[in-house]
Amino acid sequence: VCSSDLGWRCGICGGKVRPNAKGRDRLSLDHIVPISLGGPHKLANAQLAHLGCNSAKGARATFAAQLRMFG
């Protein structure tokens, strides 16, 4: 399966995530609301992200992310 057929998108930047990417473009699991800010370690609080985007986000949560998480 070609990675373009998977439709994988970074939950932070919206860019395509390729499963075989290297470096900052490789895939990672992001906690939408970081655990350090009280976010649960549950599937509902997880999203696919580029490693670089996830690293840049750090232990921050956006208001939009919190709305998606808690409705």
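Miscellaneous remarks
- Residue check for Asn45: within 25 Å of Pro19 (Cα to Cα), touching a Ser or Thr at 6+ places or on another chain (Cβ under 6 Å) and modelled with pLDDT of 85 or more: no
- Scanning region 11-42 for residues that are assigned to a loop (DSSP other than H, G, I, E, B), within 10 Å of the chain's Cα centre (by Cα) and under 17 Å from Ala59 (Cα atoms) yields Gly11, Ile12, Cys13, Ile32.
- Scanning region 24-41 for residues being of a type in the set (A, V, I, L, M) and surrounded by 16 or more Cβ atoms within 10 Å (Cβ to Cβ) gives a total of 3.
- For the condition at pLDDT 90 or above, open to solvent by 30 Å² or more (accessible area, probe 1.4 Å) and outside any loop (DSSP other than H, G, I, E, B), Ser4 does not qualify.
The values are calculated or read from the model by the stated rules, or taken from the named source; none is laboratory data. All values reported here derive from a predicted model rather than from experimental measurement. Because the Cβ atoms are built from the backbone with ideal geometry, glycine has one as well, and the counts that use them run over all protein chains shown. Remember, those area values only see protein heavy atoms, side chains included, never the ligands or the DNA or RNA. Shrake-Rupley method; radii C 1.70, N 1.55, O 1.52, S 1.80 Å.
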